Structure formats: C-alpha cells, structure tokens
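A.B. asks: Take a look at the following structure, please.
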Amino acid sequence: MKEFIKVLKRFVPPYKKFMTLNVMFNFLSAILNLFSFMLIIPILNILFKTDDKVYEYIDWSFHFSGFESIKELFSVAKNNFFWFIRDYIDTYGGSSTLIMLGVFLVVMTFLKVLTMYLAFYSMIPIRTGVVRDIRNQINRKITQLSLGFFSEERKGDIIARISGDVNEIETSIMSSLDMLFKNPILIFIYLIGMIAISWELTIFVLLLLPVAGYLMGQVGKKLKRKSFEGQEQWGVLMSQVEETLSGLRIIKAFNAEKKIQKRFEESNDKFRRITNRVYRRQQMAHPMSEFLGTATIAIVLWYGGTLILGNHSSIDAATFIYYLVIFYSIINPAKDLSKAAYAIQKGLASMQRVDKILMAESTINDPAIPEKIALRNKIAYTNVWFKYQSDWVLKDVNLEIRKGQTIALVGQSGSGKSTMVDLLPRFYDIDKGSITIDGTDIRNARLYDLRSLMGNVNQEAILFNDTFFNNIAFGVENTTQEQVEEAARIANAHEFIIQTEDGYHTNIGDRGGKLSGGQRQRISIARAILKNPPVLILDEATSALDTESERLVQDALEKLMQNRTTIVIAHRLSTIRNADVICVMHEGQIVEKGRHDELVALDGYYKKLCDMQSF
C-alpha cells in the first residue's frame, strides 16, 4: 500500500479538485444509502405488526459533549422518526404509510444513484489525466536521456513499457482509484451505522475481518511478483517484433522465417504460461472474498440471533435485519476493495518497469552556470580518452579543426571515427581530456546552444513519417515555403519533390520508405542546409548510394560544405580527396595526419587504404 500511496502522491495532485468532488459525492452516496436502508425497519414493523411500543415526540434541544451526545442524537432521531411513522399510520392508515415510505425510498434511491454517478463522473478526468501525464513523462524522458541509456535497453522493451505497461497501469491502478476512494467511505459510514445500532455485534464483526484481510494480502503479494515477470516477458516479445520488422529483408534473404517464427512462438508461449498464473491468482479474489464474506455473515447471524433469542440484545428483530442489510452492504465494498488490491499489485509491477525509464538519470546534462559558446576560431580535441564500457575506443586523441576547414576522418571499421564525431555534440561525454570550441569546454555550454552550432548528415538518412516540408523544416522554427524550396534546390531535391502528387506536402512514408536512397539523402542534406549550421558533420553520407545518386548527393554536399567547418567520415576516396586535413585513425588513435598527396607519399596506413579503397 505504501508504494501505491507514493504513486498517488506523484501523479494525482494536479487533479485535487476532481478528487475532492469524488470524495464528497461518495460520502453523500453512502449517507443516502444508509438512510434508505433504514426504511426497512418501519416497513417490516407495519407489515408484521411487531412494534406495539408507544412513541412520544422528544425535543431536539440538548448540548453536544462527546460520544454520549452522539448516541443521544441517534436515539432522539430514531424515536422521533418512529413517532412520525406511528402518527402517520394513526392518521392515514398503514396502506397510505407504506405508499409514502415507498415514494420516500424511490426519492432517496434516485439521489443516491445521482451522487454515485457524479462520483464516477468526477473520477474520469483523474483516471485519463494521470495516464496521459505518465505517457508524456515517458516520452519527455526518452528525448532527454543520453544515447548511452538506449544502448543498454532494447527498443521493443521501451515500446512495451509506453504501451503495454502504461495500459496495465490504467486498467489496474487508475480503474481501481474509484473503488479506493469510494469503498473506504462506504465502509466507514456503514460501520458508524452498525456501531450506532449495536456496538457489541460490531466489535464481534471487527474481530473477524482482519483474518480475511490477511489471507487476501498473502495472495496479492504473489500476484505482484508474477505480474512483473509477465510484463518483462511482454517486453521481450515486443523486442522480437521490432527486430523482425527491422530485419525482414535479411530474414527472407537467409531463409530464416521458420527460425524467427519458432523463437517468437517459444517466447509467446512462455508469456502465456506466466499470464495464466497471474489471471488464476487474480480470479481467486472474488471467490475467496465471497466465501469469507458469507462465512462472516453466518457467524454474525448466529451470534446476533443468540443475543436476541436470549433476550440479551438491545435491538429487536427488525433492527437486527436492518443491521444484517448494512453488514451485507459492507461485504460488497470490501470485496471491491480486495479486487482493487489485487489489481493494484498487478499495476505496481508495471509501474516499476515504467519507473526504470522515469527514474533513469541522464548522464548528459546542462551545467549549473552555462557559458556562451560560438565558433570563431577553432575546435580542439585535447588528450581525449573515451570508452563505452570497459575497452578504450579513443586513446589520447589530439586534433585541432580551424574554422572553415574540411577535416576527413578515415580508417577501418571500429577505429573510432564515428565516436569522434558523436563526442562533439555531446551524444556521449568523454572520460578524460577535453573538447573545446574557442577555448570553451563543450561540457560548460548548454546542450541546446552547442547542438545549434551543428548539422548532421548520416549514412542512413533519418526521416519521419511526415511531409517533405516538415522533414526539411525539422527543428527549425518559423520556416517559410520559399526557404524550404531554396534549401531543396541547393540539395538537388526540388525537382523530384514537385513531381509528387502534393509536392512539398506529400507524405514520404515511414522512415521515408516511399523514396529511393539518394532521394532520402538529399532530403537529409536539404534539412542541414536550411539549418545553416557553422559546423557540419557528414558521417559516410554517400557510402550506400549508386553512382548516379552519389553524383547528385556529392554535388549537394559540396554546395553545403562551402564556407563551413566540416568533419567528414568517408569510405570513398572521391569524398575526401580535397579535404584540408585527412586524419587516419587506427585502433582509437590518429596515426597519420595531412593532405591527400602528403599521406600517399608517406606510404603508410593511408596509402594502404587508398590501394584497397577501404575507408
């Protein structure tokens, strides 16, 4: 329960107004329910003529002082109510009195169900709002966390948390909120009524209830454990689906369909077995509470009947029936409370998985007192060391990049080229050394300011399921049609864009799936042109293209690189031949540095790479 209260404290405060209304309407509903049940006593007395007592009207004026005054108030209210009924019977007859009581019962029931509906009505904004807030927080956290976090997590599992786990929180915790706000109020009001009728019987009942609560609590703990396992396995399933969709071409090329199917079916069957155990335990809640409730009623019936038959009770038979009706009415809220407790245990297991994202600490953050940053002179890597886990990827790297220079990084796969350019916009933070722009350490600048200096064109053009216009204008505010078109012309993209059905407002499909590789890359270049950054990072931007597409993209890149500081990673000689400085990387170090002709003359690593055409 402590965990549940913590979840409420985190997410419910913005909805205090609705929560207050819900509690108020639930309170009114419980009071009205109690008074509508009270009509059972006079109706039974009239029907069976069991009450021969003469009632006199008692004046309401007396002083309140503690519990005795409350008992006196109940006693006076009961007396005056029965006096009124007896007087009404004497005046209008028993039949008319029954009609009057029936009308009163209908009115009270209408008011009760109206307040009950208003309680449900006020709960809906809390339930939907909290789930929306959780999804927003997850999405916000995903965009804020560093890339290092996601290298440790499976994408499919993260998708499972924002979909399956949040849905489980909604169906388990949020749907239980109404029961948790309503049922304790009902139980409290009914208990007060039961104490007012017979405190001896009520104490006897209260001794029985903790035993039932303990038995249900033990099952609930096991349910939470199994629910957590189930949600973990759901994450595994989603990861496999994501991998299958991403690697469908390879799966088919290697005739691995049956292998993938078997892997998924085994995981799916494991998920089914865990889910079976969870649902079986969950379904135990209702039968168990039904059995324990009936057993408790039977014991109370025996005990109360013994008191009445032995003439030791302060209540008559009709009042005892009223007591039993109230007690039976407590059983339903208690059962709902037990169901809610089971559901909450299941939901808390999902909340733990969601919190793995929400509570994750980002290792890349803005400094407390940020410094201004701008490129007027140079970028400097000084004694830079970096590792992802245990092995050093970069070792004591020193590099100076003057403003306006084109620097090319070449080397075999795994030599540290991509890591070099990932460190500049702080996708990862270095372990030792420093990277500075005009003497300002990049860790001392705001991330927004640092990344505003840079534009990226990657080997795989990262596009979104949106229009040409929105993909080119991505990340640039207040962009006009003319600016977007100008960027597309420079990137050699305008011609093929205007040939599409809706021109710049044509949707390009998931990840630009409706376009060729060269077209996707030119859209990516147009995006970088529109941003107009001082520093350009080209990560193997033409390596996956055919000759014709490469020519168009290379032409667009040359236009983009004019009067700009550029860092190029390339596998093709044609891409980096004209670079101002070529840095040859080998096992995390810069082993050679210079222009193309100078490096060829050295007859070292670079010459071998040129001979193999393998950058």
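None of the figures in this text is laboratory data; all of them are computed from the coordinates on show. Remember, predicted model here, so these are calculated numbers, not experimental data. So basically every Cβ, Gly included, is an ideal-geometry build from the backbone, and we count neighbours across all protein chains shown.
A.B. asks: Which entries of K378/K531; K6/K270; K417/K607 show an alpha-carbon separation above 24 angstrom in the structure shown? Present the calculation step by step, with values, prior to reporting the outcome.
C.D. replies: On the way: K378/K531 20 Å; K6/K270 32 Å; K417/K607 18 Å.
Among K378/K531; K6/K270; K417/K607, the Cα-Cα distance tops 24 Å for K6/K270.
A.B. asks: Let me ask something else. Provide E598, E501, E168 in ascending order of the number of other Cβ atoms located within 10 Å of each residue's Cβ, fewest first.
C.D. replies: On the way: E598 13, E501 7, E168 24.
Neighbour counts put them in this order, fewest first: E501, E598, E168.
A.B. asks: If you don't mind, another one. Which trypsin sites (Lys or Arg not before Pro) does the range 581-615 hold that lie in a coil by DSSP with at most 16 other beta carbons within 10 Å? Please list the in-between numbers first.
C.D. replies: On the way: sites: K593, R595, K607, K608; in loops: R595.
Passing both the DSSP loop test and the Cβ count: R595.
A.B. asks: Next up: First measure r as the distance between the Cβ atoms of Q405 and E266, then evaluate 1/(1 + (r/R0)^6) with R0 = 51 Å and state the FRET efficiency to the nearest 0.05. Intermediate results must be reported in sequence, preceding the final value.
C.D. replies: On the way: r = 55 Å, r/R0 = 1.07.
With R0 = 51 Å, the Cβ-Cβ based efficiency is 0.40.
A.B. asks: Which of the trypsin sites (Lys or Arg not before Pro) across the range 473-546 are loop residues per DSSP, with 15 or fewer other Cβ within 10 Å?
C.D. replies: Numbers: sites: R489, R511, K514, R520, R522, R527, K531; in loops: K514.
Sparse-neighbourhood loop trypsin sites (Lys or Arg not before Pro): K514.
A.B. asks: Given points 7 Å out from each Cα along the Cα-Cβ axis, report the N507 to L207 separation in nanometres with one decimal.
C.D. replies: Each label point lies 7 Å from its Cα, and together they span 6.9 nm.
A.B. asks: Still on this structure: Exposure proxy check: C610, C583 ranked by fewest other beta carbons within 10 Å?
C.D. replies: Values: C610 16, C583 24.
The fewest-first ordering by Cβ neighbours comes to C610, C583.
A.B. asks: Something else about it: I need the calculated FRET efficiency for the pair D90 and V12, taking r as the beta carbon distance and R₀ as 41 Å, to the nearest 0.05.
C.D. replies: Numbers: r = 54 Å, r/R0 = 1.32.
Given R0 = 41 Å and the Cβ-Cβ separation, E is 0.15.
A.B. asks: With both bridge residues required to lie in the range 378-612, what share of the DSSP beta bridges run antiparallel, to the nearest 5%? Don't skip to the end; give the middle numbers.
C.D. replies: Numbers: 20 of 38 bridges.
So the antiparallel bridges in the range 378-612 amount to around 55 percent.
A.B. asks: Counting other beta carbons within 10 Å of each residue's own, what order do I197, I192 fall into, fewest first?
C.D. replies: Values: I197 21, I192 17.
In increasing order of surrounding Cβ atoms, one gets I192, I197.
A.B. asks: Hey, rough spin-label estimate for D449 and W392, points 7 angstrom out along Cα→Cβ, what's it come to in nanometres?
C.D. replies: Rounded to a tenth, the inter-label distance reads 3.2 nm.
A.B. asks: Between R280 and S163, what's the calculated FRET efficiency when r is the beta-carbon distance and R0 is 22 Å? Round to 0.05. Write out the running numbers ahead of the final one.
C.D. replies: Values: r = 25 Å, r/R0 = 1.12.
Result of the calculation: an efficiency of 0.35.
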